[in-house]
Ligand code: AVJ
């Protein structure tokens, strides 16, 4: 069966952006590379595998909440709105909204080009009457897409606690920047992971099968594949710790010994035990997140959680 056509837009990160950010990240102290670079094709596939892990409660809990509140979201959304998803990944969660909402169109935005194409083609096959648009873009930068038209009302969907990758100031800035995109009559549905017992959090980022470790280490593999970096992957190990005061998980690649990463003629010396920060994942209480949203100019209209209060889904008015 031939797949319905996807409208595909490209506003991609280029290879030179990756190179520039890796160079900068290796040169600064403490060393750090932004988590958006996890998501090459293999990284997106590894993340999808993380979502299936028994320890990674986030995805299945959010799906359960969405299943329960999708009808209410549909009632709050503008009729005939375009559904726009930021960081659409496998486009699995959005199916719960599509089933309740039947929007006029869906726009998936993701940084992982090939993965985005495959995920939206699968979706278009399963929803043959839906107009599916896909944009390869970095939503932390201003969106310069020709779609949706400015006249279209929007329901913006930002699931998975992707907002957790940004610190509190960056989150506020990102949300404020997205407000005009959501628009006056639009709605913003955002999934936010909640603060909880540290043992549960630690386990979610240190799974027994080591999938999260492979996801983290894939950043080094990507540096080799795409940038020709010379490094020994077995010289690094995955570490994820919960900083309770800051309310965040921090992920690192830790150098097991003194060693060098060579990249385009430059040498970066690592001492034994030295850490390269690869990700933060901020956790919120419901009230903390609502206050953040309000500072960014939104009105928090509704919030849903699971009975164990592991995860939250917020409906914000722009
Ligand atoms: C996609 C950013 C929400 O922080 O939980 C999962 C990424 N990193 N396991 C998260 C991730 C390690 C994930 N987010």
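The values are calculated or read from the model by the stated rules, or taken from the named source; none is laboratory data. The structure presented is a predicted model; accordingly, all values stated were derived computationally and were not measured. Positions of Cβ are generated from backbone atoms using ideal geometry, with glycine treated the same way; all protein chains shown enter the neighbour counts.
Yes/no matrix, rows are residues, columns are (1) out of contact with any helix residue (DSSP H, G or I) (no Cβ under 9 Å at 6 or more places or on another chain); (2) closer than 17 Å to residue 161 by Cα:
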{"site": "10", "(1), (2)": "no, no"}
{"site": "28", "(1), (2)": "yes, no"}
{"site": "48", "(1), (2)": "no, yes"}
{"site": "80", "(1), (2)": "yes, no"}
{"site": "95", "(1), (2)": "no, no"}
{"site": "98", "(1), (2)": "no, no"}
{"site": "112", "(1), (2)": "no, no"}
{"site": "116", "(1), (2)": "no, no"}
* To do: Working only within the stretch 70-86, note down all residues that are under 22 Å from the mean Cα position of the chain (by Cα) and surrounded by fewer than 21 Cβ atoms within 10 Å (Cβ to Cβ).
  => 70
* Asked: For residue 106, all conditions in the list (1) within 16 Å of the ligand (Cβ to nearest atom); (2) buried (at least 23 other Cβ atoms within 10 Å of the Cβ); (3) free of Cβ contacts under 8 Å to residues at least 40 places away in the same chain hold save one; what is the number of the exception?
  -> (1)
* Structure fact -> Pairing a residue in the stretch 199-220 that is closer than 21 Å to residue 270 by Cβ with any residue that is away from the ligand (no atom under 12 Å from the Cβ) and in a helix (DSSP H, G or I), where Cβ atoms lie under 7 Å and the two sit 6 or more apart in sequence or on different chains, gives 217/233; 218/42; 219/37; 220/233
* **Lone qualifier among 193, 185 - being on the phi < 0 side of the Ramachandran plot, within 16 Å of the ligand (Cβ to nearest atom), touching a strand residue (DSSP E or B) at 6+ places or on another chain (Cβ under 9 Å) and not in a helix (DSSP H, G or I)** => 193
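If we only count helices (runs of 4 or more DSSP H) wholly inside the stretch 1-94, which ones have 1 or more residues that are within 15 Å of the ligand (Cβ to nearest atom) and in contact with a strand residue (DSSP E or B) (Cβ under 7 Å, 6 or more places away or on another chain)? If you could, list the steps in order and put the result at the bottom.
Values: elements: 15-27, 41-50, 57-76.
Where helices (runs of 4 or more DSSP H) fall fully within the stretch 1-94 and carry at least 1 residues being within 15 Å of the ligand (Cβ to nearest atom) and in contact with a strand residue (DSSP E or B) (Cβ under 7 Å, 6 or more places away or on another chain), they are 57-76.
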* Asked: In the stretch 221-240, how many are over 19 Å from the mean Cα position of the chain (by Cα) and either part of a helix (DSSP H, G or I) or under 19 Å from residue 36 (Cα atoms) (or both)?
  -> 12
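Looking at the stretch 165-182, which of its residues are in contact with a helix residue (DSSP H, G or I) (Cβ under 7 Å, 6 or more places away or on another chain) and either in a loop (DSSP other than H, G, I, E, B) or modelled with pLDDT under 95 (or both)?
Step one: filter the stretch 165-182 for residues in contact with a helix residue (DSSP H, G or I) (Cβ under 7 Å, 6 or more places away or on another chain), giving 165-166, 168, 171-172, 175.
Selection gives 166 alone.
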* Structure fact -> Considering the stretch 124-164, residues that are part of a loop (DSSP other than H, G, I, E, B) and within 16 Å of the ligand (Cβ to nearest atom), and then whichever is nearest to residue 73 (Cα to Cα), we arrive at 159
* Those residues of the stretch 165-182 which are within 16 Å of the ligand (Cβ to nearest atom), under 18 Å from residue 299 (Cα atoms) and out of contact with any strand residue (DSSP E or B) (no Cβ under 9 Å at 6 or more places or on another chain), in sequence order -> 174
* To do: State all residues of the stretch 107-123 that are over 11 Å from residue 85 (Cβ atoms) and either assigned to a helix (DSSP H, G or I) or touching a strand residue (DSSP E or B) at 6+ places or on another chain (Cβ under 6 Å) (or both); if no residue qualifies, say none.
  => 113, 114, 115, 117, 118, 121, 122
* Structure fact -> Scanning the stretch 144-166 residue by residue, those closer than 22 Å to residue 104 by Cβ and surrounded by 17 or more Cβ atoms within 10 Å (Cβ to Cβ) turn out to be 148, 152, 153, 154, 155, 156, 157, 158, 159
* Pairs only if they're at least six apart or on different chains, beta carbon under 6 angstrom, first in the stretch 50-62 and within 16 Å of residue 249 (Cβ to Cβ), second more than 10 Å from the ligand (Cβ to nearest atom) and part of a helix (DSSP H, G or I); list them, first residue then second. => 55/203
